[in-house]
Every structure is written in structure tokens, then in C-alpha cells.
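Chemist: Mind looking over this structure? Questions follow.
The values are calculated or read from the model by the stated rules, or taken from the named source; none is laboratory data. Since the model is a prediction, treat every value here as computed from it, not as a measurement. Quick reminder, even Gly has a Cβ in these numbers, built from the backbone with ideal geometry, and neighbours come from all protein chains shown. Each accessible area value is taken on the protein alone, full model and side chains, heavy atoms only, with ligands, DNA and RNA left out. Shrake-Rupley method; radii C 1.70, N 1.55, O 1.52, S 1.80 Å.
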Amino acid sequence: MSGQKNRKLILADGTVFTGKGFGSTKEKVVEVVFNTSMVGYQEILSDPSYTDQAVIMTYPLIGNYGINDDDFETITPTISGLIVRDYNDEPSNFRSAYTLSQTMEKYGVAGICDLDTRKLARHIRDVGSCLALITDINCSLEEGLKKIEEYDVPHDAVSRVSVKEAFEISANKDKLYHIVALDCGMKQNITRMMAAKGLDVTVVPWNTSAEDILALKPDGVFISNGPGDPTDVGTTIETIKALHGKCPIFGICLGHQIISLSYGAKTYKLKFGHRGGNHPVKNLLTDKIEITSQNHSYAVDVESVKGTDLEITHINLLDNTVEGVRCLKDFVFSVQYHPESAPGPQDSDYLFDDFINLIGQWKAKEVQ
């Protein structure tokens, strides 16, 4: 990108970074977070879990392989901003159909580059995720801080990104089972992988009732990833509580938090969250280590799991946070990370097979 610095990032604590704009020129109040992935900016840009956030990419060169039509994780990206060190506007990739900046402009995503992302990420690591303003270079610090202070943090992110009407996706091979997937901001690769495993999937809105879900006669229920504070979706928590013991249930990311809350556990906001493609997680059931893809601000409180019907099955080896739980008697399990891995790693693909096997065990129990 050529030209003078024309954009400014003002953090809520008064720290200011200047850089060059790309993508949308809209002024945005955002929550600033960072992602340590080396690849996958298209999947990050289109992940609904980043709704209302601006992501600092810690890998310096972004945009170099462009944007293609196949790797979007949602049809309409809802991320607010992207902050990068070096933006490349001349991608070299045979699959590339658009530049990153063109795509961001189309969907109203503000971009800022040519700033010290290493310094910024270290600052967020020290002070925690915070609100900030992406604005024009001429905006004063006082004016920017006032806009941040007056910003009303939304609590309806899941309802904004969820589908409004149910739809069906057919299995890519001989059908094994029928799954109802509660869409709380689901990445498209989740349903792609389920279809590849032989599952018919009915995707339903986040606030679909337990009665309406059971009326679809599912062999299993899936709860997706999604943005925001899990306590904001009390309706979904109550729905899952009503489904305990009625059918096998599998949840990931926000779905993991919803399942945990439905059993009486508690969640809390992490200082700067987990976002990247290299988080080591230990499976306590197998003693194996998985390298996982993660994107979340909230975690399940370890102590709160005690006294519930849940058992902790996975832990994060970086900070010992809860990465997975299960309830054996209800045929329910969940993980905090992303087994659909778009982009990778692909260590956790087995979890979809575990879901299929759990459904088989449930059906065998029904026959007895």
C-alpha cells in the first residue's frame, strides 16, 4: 500500500496507533483481539465468531494469496475490522478471484495496515482485549475516547448471525443419521464435514425450541460455534437443558459453553482469549495431545464443573483451561476448540466420528 498514513486506531486506554487504510473506510468501534495463525485470513474474515471484533493478525504478511469463492465460512462476513502489518494488494494464487481489500470493502470491514502489530498484540496481551476506534487520521484522541465511551456494547450477536429459517443439507454419501444443528454463528465447514461423514443436517435458528427440534426426529443434536458472551443466549441454554437425555448432543466452542451452562457450570471472560491454529490440548481420555484451532473469548470455570453431571475430558496445555466436557448418562459431549479446522490443523477430525459412534450407542440402548 502506498501513500501517507491516513487511519488511526485509538484504544480505550488512550494508546494510539497510526497506519494506512484498506477495505472499508467506515469508522468503527470494535473489540480488538489478536490471532496467531500464519494462514487462513479468509476463514478468519468470514468466521461469524468474530462479529463486532477487529482482529490483529500477528503473522506480518496478509493478502498475498487473495480471496476465492470456496473458502468463505459464512455468506456475509460480520467481522468489524482487520489490523495487519504488511497488506499485499497484488495476490499471486491461481484460485484468487478478488483482493482482500475488495472483499472487505464489499462487506463493510474496516482495515488498517502499516502499523506495529507485534507491539499492538503485546499490548493487548498485557492489558487484555479492549474496545477501540478505527477512524480517520484527523480524529483527535479526546473525540475518539468519547466515541468509545458512548458505545453501547451489543448483546444480540448470535441472533444477528444465525439463520432465520431452517434449511437442509444432504449427506455426500449413504446416509447414516439425521442431525439437527442449532446455528449460533456456524462455520460452513462444519456442515461440509458432517455431510462428508454421511450425515443429513437440518440447520435451525439459534432460538428453536426443544419441542420443535424433537419434532424433526433427530438422531442427534449439534450446537455450533458463535460470537459473544454465552450467557447472552439464555433461550438456547434452556433449550439444551430441556434436551438432556432426549438424544445425543455435541457442541463446539460457543456450543461447548452453552452445554456447560445448561448443566449448571459457569463461564468467564478470558483476558485476551484463545485465537490461533496451534493451541495444544490434552485429551484426558486418551492421554493424546492435539494441536487445535481456536477462537473464543470465554471459558468454562474449572471449579464450577464440580458437583454437576459433567466430567472434564480435555484441557488446554497453555493455561489449563477447560477444553472439553461430557455427560455419560445423557450422551452429551463438547469441546472448546474447532474440530472442523478451517484452516487446519486437522488433529481433531475424529470428534465427528465420536458423535456418530455416540448416536450408534444411543440407538443400541433404545433397542434393549
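Chemist: What's the number of the condition Thr78 fails, among (1) in contact with a strand residue (DSSP E or B) (Cβ under 9 Å, 6 or more places away or on another chain); (2) under 27 Å from Phe272 (Cβ atoms); (3) open to solvent by less than 40 Å² (accessible area, probe 1.4 Å)?
Modeler: Condition (3) is where Thr78 drops out.
Chemist: Take the range 76-93 and flag every residue that is over 18 Å from Phe17 (Cα atoms) and either part of a strand (DSSP E or B) or touching a residue at least 40 places away in the same chain (Cβ under 8 Å) (or both). Don't jump to the end; show me each part of the working.
Modeler: Going residue by residue through the range 76-93, those that are over 18 Å from Phe17 (Cα atoms) are 76-79, 88-93.
Matches in the range 76-93: Thr78, Ile79, Asp89.
Chemist: Taking into account only those residues within the range 221-274 that are outside any helix (DSSP H, G or I) and basic (Lys, Arg), which is nearest to Tyr177 (Cα to Cα)?
Modeler: By that ranking, first place goes to Lys246.
Chemist: Would you be able to say whether some residue in the range 186-196 is at pLDDT 95 or above, in contact with a strand residue (DSSP E or B) (Cβ under 6 Å, 6 or more places away or on another chain), open to solvent by less than 10 Å² (accessible area, probe 1.4 Å) and closer than 22 Å to Trp362 by Cβ?
Modeler: Yes, there is a match, as at least one residue in the range 186-196 is at pLDDT 95 or above, in contact with a strand residue (DSSP E or B) (Cβ under 6 Å, 6 or more places away or on another chain), open to solvent by less than 10 Å² (accessible area, probe 1.4 Å) and closer than 22 Å to Trp362 by Cβ.
Chemist: Same structure, new question: When both residues are 6+ apart or on different chains and their Cβ atoms are under 9 Å apart, which pairs have a first residue that lies in the range 240-255 and is within 18 Å of Asp212 (Cα to Cα) and hydrophobic (A, V, I, L, M, F, W, C), and a second that is surrounded by fewer than 18 Cβ atoms within 10 Å (Cβ to Cβ) and modelled with pLDDT under 95?
Modeler: none
Chemist: I've got another one for you. Condition first: under 17 Å from Thr78 (Cβ atoms) and in a strand (DSSP E or B). Now tell me which residues in the range 4-41 satisfy that.
Modeler: Answer for the range 4-41, where residues must be under 17 Å from Thr78 (Cβ atoms) and in a strand (DSSP E or B): Gly23, Ser24, Lys28, Val29, Val30, Glu31, Val32, Val33, Asn35.
Chemist: Hey, another quick one. Any residue in the range 307-326 that is more than 26 Å from Leu131 (Cα to Cα), of a type in the set (Lys, Arg), at pLDDT 95 or above and open to solvent by 30 Å² or more (accessible area, probe 1.4 Å)?
Modeler: yes
Chemist: Can you find a residue that is under 21 Å from Gly324 (Cβ atoms) and among the hydrophobic types (A, V, I, L, M, F, W, C) anywhere in the range 195-208?
Modeler: So far as the range 195-208 goes, yes, one or more of its residues are under 21 Å from Gly324 (Cβ atoms) and among the hydrophobic types (A, V, I, L, M, F, W, C).
A quick yes/no check of all residues on (1) at pLDDT 95 or above; (2) surrounded by fewer than 19 Cβ atoms within 10 Å (Cβ to Cβ); (3) aliphatic (A, V, I, L, M); (4) closer than 28 Å to Ile259 by Cα:
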residue	(1), (2), (3), (4)
Leu120	yes, no, yes, no
Gly128	yes, yes, no, yes
Thr135	yes, no, no, no
Val158	yes, no, yes, yes
Lys175	no, yes, no, yes
His178	yes, yes, no, yes
Lys217	yes, yes, no, yes
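Chemist: Can you tell me how many residues within the range 72-113 are small (Gly, Ala, Ser) and touching an Asp or Glu at 6+ places or on another chain (Cβ under 7 Å)?
Modeler: Number satisfying all stated conditions: 3.
Chemist: Take the conditions within 26 Å of Ser293 (Cβ to Cβ) and open to solvent by 10 Å² or more (accessible area, probe 1.4 Å) and apply them to Phe34. Does it pass?
Modeler: Yes; evaluated as a whole, the condition is true for this residue.
Chemist: Give the residue, chosen from Asp71, Asp89, that is under 22 Å from Thr135 (Cα atoms), among the charged types (D, E, K, R) and surrounded by fewer than 24 Cβ atoms within 10 Å (Cβ to Cβ). Let's see the steps before the verdict.
Modeler: Numbers: Asp71 fails: under 22 Å from Thr135 (Cα atoms).
Result of the check over Asp71, Asp89: Asp89.
Chemist: Go through the range 220-239 and report how many residues are in contact (Cβ under 8 Å) with a residue 60 or more places away in the chain, under 21 Å from Gln188 (Cα atoms) and touching a Lys or Arg at 6+ places or on another chain (Cβ under 8 Å).
Modeler: 1
Chemist: Looking only at the range 1-31, filter to residues that are modelled with pLDDT under 95 and over 27 Å from the mean Cα position of the chain (by Cα); which one of those is surrounded by the fewest Cβ atoms within 10 Å (Cβ to Cβ)?
Modeler: Step by step, filter the range 1-31, then rank; the result is Ser2.
Chemist: Quick one: is Ala299 over 16 Å from the mean Cα position of the chain (by Cα), open to solvent by less than 10 Å² (accessible area, probe 1.4 Å) and small (Gly, Ala, Ser)?
Modeler: Taking the combined requirement at face value, the residue does not satisfy it.
Chemist: Of the numbered conditions (1) crowded, with 22+ Cβ neighbours inside 10 Å; (2) part of a strand (DSSP E or B); (3) in contact with a Ser or Thr (Cβ under 6 Å, 6 or more places away or on another chain), Tyr337 fails exactly one; give the number of that condition.
Modeler: So the condition that Tyr337 fails would be (2).
Chemist: I'm trying to understand the selection: among the residues of the range 275-296, which are open to solvent by 10 Å² or more (accessible area, probe 1.4 Å), part of a strand (DSSP E or B) and among the β-branched types (Val, Ile, Thr)?
Modeler: Matches in the range 275-296: Ile289, Ile291.
Chemist: Hey, among Phe272, Phe250, which residue is under 19 Å from the mean Cα position of the chain (by Cα), modelled with pLDDT of 95 or more and within 27 Å of Lys217 (Cβ to Cβ)?
Modeler: Values: Phe272 fails: within 27 Å of Lys217 (Cβ to Cβ).
Selected residue: Phe250, the only one of Phe272, Phe250 that is under 19 Å from the mean Cα position of the chain (by Cα), modelled with pLDDT of 95 or more and within 27 Å of Lys217 (Cβ to Cβ).
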